[in-house]
Structures are given as structure tokens and as C-alpha cells.
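Working notes for the structure below.
We did not get these values from a lab; they are worked out from the coordinates using the rules stated. Just so it is clear, the model here is predicted, and its values are computed rather than measured. A quick note on method: Cβ atoms are made from the backbone with ideal geometry, for glycine too, and the neighbour counts reach across all protein chains shown.
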Amino acid sequence: MATINTNINEQVYNVREDPSLSSRVALVFCVLVQRGLFIAGFSITKELLTIHYTEYAATKPVWDLDFFEQSFANEPLLSVREKVKGVFISSSKNLIVPDELYAESHAKDWLSKLFFVEQRDIIITTLLANDKAMYLSAIPLNISELIKINFRKATFLPLSAYQLTTPQVQSLHLQCCISSEQVIATLHNYSQLLWHKVFDHACAEDIAYAIRQLCSENYIDAAKLNISCNALAGTDYDIVNDLTQYFANIKAGNGLTIHARWEPAISLANQLLSCVL
């Protein structure tokens, strides 16, 4: 279900029609992306029950504090803060640093050489044990403080973590997480991390071009890529579907063939749950 007006796009997925569904939600996590908020609710047995996704128009600033404040205050799935077990955030300002080179005092300087890092941005770090490295990402301080105030006991991670911390068993496996504005993409060859990037897109062709460019620069046969795509909303299915024009064998992040509009978002929800529980 989707409700769209000129300023707000709201979409809801429920596993079944059941008036009591919301009362069964025991575990919740949310994902903050540019101009959007994804929330998933699970039962006590970890069955996905519902997904709520809301985004605002591109005419408003990125990371509009008022939008996230109002969403946290008014979203029914977030009304019991103790149920919120995890909060994920996406940032295009990121860097992977090997353990032996990492120094916390230099983290912001390193990122500033690659991106425009605001004075009030903060750096969050995540250990990538499989790669013996640290993942650095810059996020707005006011958004970070809002998360801490509202969800004090929740695990706080970059959205990229689910792609970077789970061991891979396929050769040339490209994972993509697609929102209406950005893509998080990570390429592994079995357990070896080869490439990671968060980038903007306007259509599926932009994503296909970035993947083809990656293959060209690294002498990879694009036909040999195993591509899995997750998404944040039902409407993002259209982008995933359009990508099959360029890469025929695209699957959801859970490795299953995509048949229905919400399957890429359902796959994302289940993969993220495993990161926090």
C-alpha cells in the first residue's frame, strides 16, 4: 500500500490482513537514509510482520531534522522505545581502513580528504573482523544525537554493515541495497572484499553503468557476476526490475528469485535483523 502526495510518500507492507498484527510486534529496527525512513516490525519469534517506509520530497534538504523528529514521535511502531533493537544509517561519506593503519584521531581528516565533511559531522566506526579493517562513515551530529536520545539501548550501525560483516560463499558476489536516491554496493570474491561504494542514482541505467564501469576497471566479466538486490520500499522494485535489462540473473539479498514487489524489502529486513540479534 502506498500513499503519495507532493511532499510525503508513505508505503506499508503487512504480511497478512490482520487487525491485531501491530499488537504482535515485539522487535523493531529502523533505517535512516537520505530523505527516508524504513521501519520493520517482527514478532517475538522473529517473523517479519510489517514494513513502514516514509520519504519526503527532494525539494527539502537532505537529513531534514524535523522530518526524523516527527517520524520518531508519531510512528506507531516506534511508540515503545524498548522494542527498538537496532538503528541503521546510510552515509555516502565512508572509508575502509586496515587495522594496522587505523588511528581514531585521524579518522575525520582521512574522510575530509575524500568528501566534504561538515564541521558538525561525527564519525562512526565499525569493526570489519573478516577483513581486519575499520569502516568509517560520517553522519550529521544532530541526527546522531536524535537517535541516541530516542533509542538509547538500540544497536547503532551503518547500513553497509549487513553487506560487509556477513561471510560470503559465492565468487564475484555483488550486493546492492537500493533506495530511491542511492545505492550501497559491495563486491566480494568469496570472502575477499574487492570493492565498496555508496553512490547516487536517478534510474536503473545509472546503476548499470556503475557496475559495468567496475567490471571494466577490474577486468571482470559482467556476465559472471552474482548480483543480489535489496530495497527499502515497494516502489524501488521498479528499479530492480529495470536492472534485469542489463543483468538477467538478479536475485534478492537472500538468494531467492524476485517475484513480487516487496520481496527485495523483505529480504533486507530479514538480513538486517540478523545484524542486531
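Among the listed values [x] 17.9; [y] 13.5; [z] 14.6, the one computed from these coordinates for mean projected area of the Cα convex hull in nm² is [z].
Students often get this wrong: which residues of region 199-243 have the backbone nitrogen under 15 Å from the point 7 angstrom along Cα-to-C-beta of Asn249? Under 15 Å, as judged by backbone N against the label point of Asn249, lie 221-229 of region 199-243. Amide H contacts of Gln182: His201, each under 5 Å away and 5 or more positions distant or on a separate chain (H built 1.01 Å from N in the peptide plane; Pro and chain starts excluded). Count the lysine pairs in the chain whose Cα atoms lie under 23 Å apart, taking only pairs 8 or more positions apart in sequence or on different chains. Lysine pairs, 8 or more places apart or on different chains, close enough: 23. Given a Förster radius of 25 Å and the C-beta distance between Phe199 and Ser22 as r, what FRET efficiency does 1/(1 + (r/R0)^6) yield to the nearest 0.05? For Phe199 and Ser22, the calculated efficiency is 0.10. Between Leu146 and Val169, the modelled labels are 4.0 nm apart [label points 7 Å from Cα along Cα→Cβ]. Counted by Cβ distance under 9 Å from Asp200, the other residues give a net charge of -2, where Lys and Arg count +1 and Asp and Glu count -1.
Residue ranges 114-123, 154-163 sort as 154-163, 114-123 when ordered by packing (mean number of other C-beta atoms within 10 Å per residue, highest first). Using alpha-carbon pairs under 8 Å, 6+ residues apart, how would you state the relative contact order of region 125-195 in percent? The value is 25 percent. Per residue, the average separation of C-alpha pairs within less than 8 Å and at least 6 apart gives the chain a relative contact order of 14 percent.
Annotation for region 87-158 versus region 1-73: alpha-carbon center distance of 24 Å. Each peptide in 173-183, 245-255 was scored by the mean count of other Cβ atoms within 10 Å over its residues; highest first, the order is 173-183, 245-255. Give me the net charge of Val33's neighbourhood, meaning all other residues with Cβ under 10 Å from the Cβ of Val33; Lys, Arg count +1, Asp, Glu -1. In short, -1.
Near Ile184, once Lys and Arg are set to +1 and Asp and Glu to -1 for all other residues with Cβ below 15 Å from its Cβ, the sum equals -2.
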